[in-house]
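Let me begin by presenting the structure, written as structure tokens, before commenting on it.
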Amino acid sequence: MRDPRLLANGLSRAGCRSSPRLRYQARDFSGVLVLDKPTGLTSNQALQTIRHFFQAKKVGHGGTLDPLATGLLLICFGRATRLLRFLLESDKGYEVVAQLGATTDTGDACGKLLQTSPVSVSQKDIEDQLKQFKGKITQIPPMYSALKHQGRPLHALAREGVEIERQPRPVTIYANDFRAYDDENNTVSFAVRCSKGTYVRTLVEDLGQALGCGAHVKALRRTLSGSFGQQSMVELETLKSLEGDLDALDDFLLPVSCLLNHLPEVIIHDETLLKLMQGQNPILPDLPAKGAWVRLLDASGCLQGVGQCHVGKRPLSSIVWMDPHRFSK
């Protein structure tokens, strides 16, 4: 059965662009690319396309975007993939266009139309309701999501007509700023800055329900992920035009350390680094408060890892090393 999330863009699960067959020697390198994902591609399709362009051996992305959505998708290469967990934890920002007066099974314009309703709201009604979805709220995750039930993604069950009970989840909406209301086309534009795990489709559906007319996402663009914004993005078409010119493509890569610039740094000399890697507990003065994450830099300022302070009996724990075999080479 076709995935309704992809139908609007002429794609199907059977016809999705798969990972290109490798006809090159995959390169082992590290870095970060801030991609402007176009509409019509899943995040994995975009990822595999980038893998092919850069001839990369190891690659991952930092947070799924729906096929309908455009905008910021962080692509990590090599050792940067070790830090994906920190990207998934980061806050996100979106520009949203909501279509009032219609609901779909997926919560966006790619889905099957379920119901239409007359729209009789004012701009003030919309602004007042948007204010109700600010701060700490709860959301019921949509069936068309990557969450799993007994090992199976919910979206796969949804395509089979199976509905699974989902528990409400707490999320935080830091900003929910009204932009415009087109009363002729019944569309509302607004900007959202939110915590991890927030479903904008659910936010729009809940807004439509509060307004009494139903709603779904007509357009969605991610503008922020952690400390990364639109100014850093590069379009897929730009990269495509440089396919085969690896030096030119590599110019778009950012250093791995940029993923952790928001964390405090701790300078650790080689002798202490070796002890930490061996599981010892060397004395580390001036560490931040308990539970804080820090960047671990060597004496030359190069990123060696990231760790959490004072959890358990160790000064640093849950350490993610960039090069776990540094001292065994």
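The values are calculated or read from the model by the stated rules, or taken from the named source; none is laboratory data. It should be emphasised that the depicted structure is a prediction, and the values quoted were computed from it without experimental measurement. FYI the Cβ positions are ideal-geometry reconstructions off the backbone, even for glycines, and counts take in every protein chain you see.
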Inset, instruction - For segment 156-180, name all the residues that are without any contact (Cβ under 8 Å) to a residue 12 or more places away in the chain and outside any strand (DSSP E or B). - result: A156, G161, V162, E165
Inset, instruction - Go through (1) buried (at least 16 other Cβ atoms within 10 Å of the Cβ); (2) within 23 Å of T64 (Cα to Cα) one by one and return the number of the condition Y174 breaks. - result: (1)
Legend entry - Those helices (runs of 4 or more DSSP H) lying entirely in segment 184-281 with at least 2 residues more than 24 Å from K58 (Cβ to Cβ) and either in contact with a Phe, Trp or Tyr (Cβ under 7 Å, 6 or more places away or on another chain) or at pLDDT 95 or above (or both): 200-211, 236-241
Inset, instruction - Answer yes if at least one residue in segment 194-204 is among the aromatic types (F, W, Y) and in contact (Cβ under 8 Å) with a residue 60 or more places away in the chain, and no otherwise. - result: yes
Legend entry - Residues of segment 135-155 satisfying the condition of being surrounded by 15 or more Cβ atoms within 10 Å (Cβ to Cβ), among the hydrophobic types (A, V, I, L, M, F, W, C) and closer than 17 Å to G107 by Cα: M143, L147, L154
Inset, instruction - Kindly establish whether V121 is hydrophobic (A, V, I, L, M, F, W, C), part of a loop (DSSP other than H, G, I, E, B), in contact with a Phe, Trp or Tyr (Cβ under 9 Å, 6 or more places away or on another chain) and surrounded by 12 or more Cβ atoms within 10 Å (Cβ to Cβ). - result: yes
Inset, instruction - Check I268 against each of (1) over 17 Å from the mean Cα position of the chain (by Cα); (2) under 30 Å from Y94 (Cβ atoms); (3) crowded, with 19+ Cβ neighbours inside 10 Å and name the one condition it does not meet. - result: (2)
Legend entry - Hits in segment 304-318 (condition: out of contact with any Asp or Glu (no Cβ under 9 Å at 6 or more places or on another chain) and surrounded by 16 or more Cβ atoms within 10 Å (Cβ to Cβ)): V306, G307, Q308, C309, H310, R314, P315, L316
Inset, instruction - Please determine, by comparing only the residues of segment 71-87 that are touching a strand residue (DSSP E or B) at 6+ places or on another chain (Cβ under 6 Å) and surrounded by fewer than 20 Cβ atoms within 10 Å (Cβ to Cβ), which one is nearest to P255 (Cα to Cα). - result: T81
Inset, instruction - Please give the number of the condition K313 fails out of (1) outside the structural domain of Y24 (by TED's automatic domain parsing); (2) within 30 Å of G71 (Cα to Cα); (3) of a type outside the set (A, V, I, L, M, F, W, C); (4) not in a strand (DSSP E or B). - result: (2)
Inset, instruction - Given the conditions (1) part of a loop (DSSP other than H, G, I, E, B); (2) without any contact (Cβ under 8 Å) to a residue 40 or more places away in the chain; (3) β-branched (V, I, T), report the number of the one that T64 does not fulfil. - result: (2)
Inset, instruction - Sort out which residues of segment 31-47 are out of contact with any helix residue (DSSP H, G or I) (no Cβ under 7 Å at 6 or more places or on another chain) and part of a loop (DSSP other than H, G, I, E, B), and write them in order of number. - result: T39, G40, L41, T42
Legend entry - Single residue of segment 93-102 satisfying the filter (surrounded by fewer than 22 Cβ atoms within 10 Å (Cβ to Cβ) and not aliphatic (A, V, I, L, M)) that is nearest to C258 (Cα to Cα): G93
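Look at Q99 and say whether it is modelled with pLDDT of 95 or more and outside any strand (DSSP E or B).
Considered against the rule, which asks whether it is modelled with pLDDT of 95 or more and outside any strand (DSSP E or B), Q99 comes out as no.
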